[in-house]
Amino acid sequence: MSSAGDEILVIKHGALGDFVLSMGPFAAIRLHHAQAQITLLTTAPFEEMARRSGYFGHIWCDSRASTWNIPAWLGLRRRLRGAGFSRVYDLQTSRRSSAYYRYFAAPRPEWSGIARGCSHPHANPQRNRMHTVARQREQLAQAGINAVAAPDVSWLDGDISDLAPTEPYVLLVPGGSVHRPEKRWPAKGYGELATGLMEAGYLPLLLGAAAESSVLAEINTICPAARNLCGRTDFGQIAELARGAAAAVGNDTGPMHLITAAGCTATVLFSGVSDPALTAPHGPAVHLLQRQRLVDLPVAQVRASLTLA
């Protein structure tokens, strides 16, 4: 436990799915260090969500500078050294975040992570074969924090007055990393699913970032009545839409973690290149479907996974 005046640093850069899964650890660290000042070192996309969570007194944005950007590295080192942190929780546990341990002058702060020589190492040799939730719980337990709840985003909301329909709706999340097309169920499958949902009385809402506009447009050519919300939703609006949805279907991608954490019944689609035992979203009603190639996943099986009237 810490006392008033203690300075604690938490490191978590992202991505979205991992950031959502870290909400439980964030809350546990806040509770354990109730009197301390807690700073989060994260990246720009997650600053506002972190601020709204209420777990942190300060949010620092890490530009994750290139190795040749010496001024940026020196600036971050100077900032870390000058903050007077007594303990650091590295929840990113990457090569970059572990290197920050060396930025501190001796005596270094207590450090929970995998940095060589740190005071509270997560030394389990199987840590990379653990689900993110289990891995972080074990890491924090070894640092003295034993009560870590499931991810909670009940505080995250947004204005959906111009987005949500009056009739029942289902969220469809057909996007994912542009560099990992094998993780995407084909747009044709989503289009046929959307058509079937319309016939059953549910309006499909298509969620995606601007980079996924072509995929959502392809679905709209198959099911023109589906409501395309491409580029129109922030994290808070996605969470709020999830609370009102009858269900959600999506690929193994970040927004599905947010949707399931918000309590929405959801079906998440995995190809053979991902292991749901390591990366599956958490929530009260999550169904997982996996095929070696998602192109081989039948629309009928996806539809049957949805518990709709």
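Considered as a group, the residues in the range 97-112 that are without any contact (Cβ under 8 Å) to a residue 24 or more places away in the chain and of a type in the set (S, T, Y) include one that is surrounded by the fewest Cβ atoms within 10 Å (Cβ to Cβ), and that residue is S98. So which residues in the range 260-299 are more than 16 Å from the chain's Cα centre (by Cα), among the small types (G, A, S) and surrounded by 16 or more Cβ atoms within 10 Å (Cβ to Cβ)? Within the range 260-299, S271 is the sole residue that qualifies. Any chance the range 123-141 includes a residue that's surrounded by 18 or more Cβ atoms within 10 Å (Cβ to Cβ), assigned to a loop (DSSP other than H, G, I, E, B) and over 17 Å from the mean Cα position of the chain (by Cα)? No, the range 123-141 contains no residue that is surrounded by 18 or more Cβ atoms within 10 Å (Cβ to Cβ), assigned to a loop (DSSP other than H, G, I, E, B) and over 17 Å from the mean Cα position of the chain (by Cα). Of the helices (runs of 4 or more DSSP H) lying entirely inside the range 1-70, the ones with 3 or more residues being of a type in the set (A, V, I, L, M, F, W, C) are found at 16-21, 23-32. S94 falls short on exactly one of the conditions (1) under 19 Å from G24 (Cβ atoms); (2) touching a residue at least 60 places away in the same chain (Cβ under 8 Å); (3) surrounded by fewer than 20 Cβ atoms within 10 Å (Cβ to Cβ); (4) not charged (D, E, K, R), and that condition is (1).
Of all the numbered requirements in (1) in contact with a helix residue (DSSP H, G or I) (Cβ under 8 Å, 6 or more places away or on another chain); (2) surrounded by 22 or more Cβ atoms within 10 Å (Cβ to Cβ); (3) over 17 Å from A187 (Cα atoms), A247 misses one, and that requirement is (1).
Each residue in the range 153-172 was checked for being of a type in the set (D, E) and surrounded by 16 or more Cβ atoms within 10 Å (Cβ to Cβ), and 0 of them qualify.
Filtering the range 46-59 to residues that are within 23 Å of Y100 (Cα to Cα), crowded, with 16+ Cβ neighbours inside 10 Å and of a type outside the set (F, W, Y) leaves A50, I59.
Inspect all residues belonging to the range 28-41 and state whether any of them is touching a residue at least 12 places away in the same chain (Cβ under 8 Å), surrounded by 21 or more Cβ atoms within 10 Å (Cβ to Cβ), under 16 Å from the mean Cα position of the chain (by Cα) and closer than 16 Å to P151 by Cα. No, every residue in the range 28-41 fails to be touching a residue at least 12 places away in the same chain (Cβ under 8 Å), surrounded by 21 or more Cβ atoms within 10 Å (Cβ to Cβ), under 16 Å from the mean Cα position of the chain (by Cα) and closer than 16 Å to P151 by Cα.
The set of residues in the range 189-236 that are assigned to a loop (DSSP other than H, G, I, E, B), more than 19 Å from N251 (Cα to Cα) and either among the acidic types (D, E) or free of Cβ contacts under 8 Å to residues at least 24 places away in the same chain (or both) contains only P224. Let me confirm something: among V273, V295, V268, which residue is at pLDDT 95 or above and over 29 Å from G158 (Cα atoms)? The conditions single out V295. Inspect all residues belonging to the range 81-89 and state whether any of them is under 16 Å from T43 (Cα atoms), at pLDDT 95 or above and not hydroxyl-bearing (S, T, Y). No, the conditions are met nowhere in the range 81-89. With respect to the conditions (1) touching a Leu at 6+ places or on another chain (Cβ under 8 Å); (2) assigned to a helix (DSSP H, G or I), I160 lacks only one, and its number is (2). Among the residues making up the range 158-197, those that are of a type in the set (S, T, Y) and more than 22 Å from S271 (Cβ to Cβ) are S161, T166, Y169, T195.
The values are calculated or read from the model by the stated rules, or taken from the named source; none is laboratory data. Predicted model only: the values in this text are computed from it and were never measured. A quick note on method: Cβ atoms are made from the backbone with ideal geometry, for glycine too, and the neighbour counts reach across all protein chains shown.
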